[in-house]
Structures are given as C-alpha cells and as structure tokens.
Amino acid sequence: MPGYVKGVINLRGKVIPVVDLRLKFGLPEREYTQRTCIIVVQVHSGGVAIQSGIIVDEVSEVLNLAAAEIEDTPDFGDDVGTPYLLGMAKAKDSVKMLLDIDQVLANSETMSLAA
C-alpha cells in the first residue's frame with residue numbers, strides 16, 4: 001500500500017479509498033487539525049468513474065467556474081512539467097490554479113484500491 005493512502009471511509013454505504021494529497025505530492029506530513037478536510041471526488045480513468053477521498057490542509061472557498069472561464073496552463077519552460085494542472089481561472093480579482101484530479105489519482109495504485 002502506498003504511504004499516501006491513509007485508509008478508507010464509508011460514504012453512504014460505499015467504501016472509498018482516502019489519499020493524503022500532501023504525501024502524494026511528496027510534501028512532508030502535517031498533523032491534522034480542525035481545518036483539515038476530506039474532499040470526495042470522482043476520478044475518471046479508462047472510461048470508469050471511481051469515487052475517492054482526498055485529504056487537504058484546508059478549504060478556503062468553493063467556486064463554480066464555467067468552462068469558458070478556464071484558460072490553458074501557461075508554459076513555464078522546458079524544465080517545468082505541469083501534468084497535474086488542468087488550467088487557470090480568474091476569480092474575484094485573483095488567479096486560481098486548477099488541479100487535474102484525474103491525472104493526480106488515475107494511476108494503477110490508486111485505481112486498484114478502488115477495485
């Protein structure tokens with residue numbers, strides 16, 4: 001079991017895996033606080049939709065974005081890959097980087113957990 005998989009939760013009778021996003025990205029582990037959240041997402045891989053929980057440090061806001069508001073990820077140069085970025089969006093006078101959760105979680109280890 002990869003170290004970033006923290007276990008499973010029961011969500012309305014369905015057991016789903018839980019991944020610590022901090023550990024998945026190779027960041028140091030942090031103690032969970034009252035602001036730590038589990039966000040339930042639906043990952044698409046190989047035509048299959050699978051629910052998973054991701055642990056994040058905190059949630060500061062929730063936004064609804066139209067597809068037209070999402071711009072392509074800028075080119076940061078040859079040395080910087082952006083496989084986990086879906087794009088960028090302007091919202092409330094700031095720029096938000098959008099995580100492509102399908103790319104983050106759609107690997108053989110994570111998908112086998114859901115199976």
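The values are calculated or read from the model by the stated rules, or taken from the named source; none is laboratory data. None of these values were measured; they are calculated from a predicted model. Neighbour counts run over all protein chains shown; Cβ positions are idealised from the backbone, glycine included. All accessible areas refer to the heavy atoms of the entire protein, side chains included, with ligands and DNA or RNA removed. Shrake-Rupley method; radii C 1.70, N 1.55, O 1.52, S 1.80 Å.
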Listed by chain and number, the residues whose amide H is under 5 Å from that of Leu11, excluding neighbours fewer than 5 places away on the same chain and using placed H, are Ile16
Approximate shape of the chain as ellipsoid semi-axes (Cα gyration tensor, √5λ), whole Å, largest first: 25, 17, 16
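Hey, what number do you get for the chain at 222 nm if only DSSP H runs of n ≥ 4 count, each worth -39500 (n - 2.57), divided across all residues, to the nearest 500? Could you put the intermediate results ahead of the total?
Details: 3 runs with 16 residues, N = 115.
Mean residue ellipticity at 222 nm (helix-derived): -3000 deg cm²/dmol.
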The range 1-41: trypsin sites (Lys or Arg not before Pro) in DSSP coil with no more than 12 other Cβ atoms inside 10 Å: Arg12, Arg30, Arg35
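Return one whole number: the accessible area per residue of the chain in Å², for a 1.4 Å probe. Walk me through the numbers before you get to the answer.
Numbers: 7930 Å² over 115 residues.
Per residue, the chain has an accessible area of 69 Å².
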So for Asp57, Asp72, Asp78, what's the accessible-area order with a 1.4 Å probe, most first? Asp78, Asp72, Asp57
Pull up all non-local amide H partners of Thr73: gap of 5 or more, or a different chain, and H-to-H distance under 5 Å with H placed in the peptide plane. Met88
Could you run the Karplus curve 6.51 cos²θ - 1.76 cosθ + 1.60 with θ = phi - 60° over the range 14-27 and give me ³J(HN,Hα) per residue in whole Hz, x for Gly and Pro? 10, 8, 10, x, 10, 10, 7, 5, 4, 6, 4, 8, x, 7
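To the nearest 20 debye, what is the magnitude of the charge dipole of the chain about its Cα centre, counting +1 on the Cβ of each Lys and Arg and -1 on the Cβ of each Asp and Glu? All intermediate terms of the calculation are to be shown ahead of the outcome.
Details: 10 positive and 16 negative charges, 136 e Å.
Once rounded to the nearest 20, the dipole reads 660 debye.
Report the number of Lys pairs in the chain whose alpha-carbons are under 25 Å apart, with separation of 8 or more residues or on distinct chains.
So the count of such lysine pairs works out to 4.
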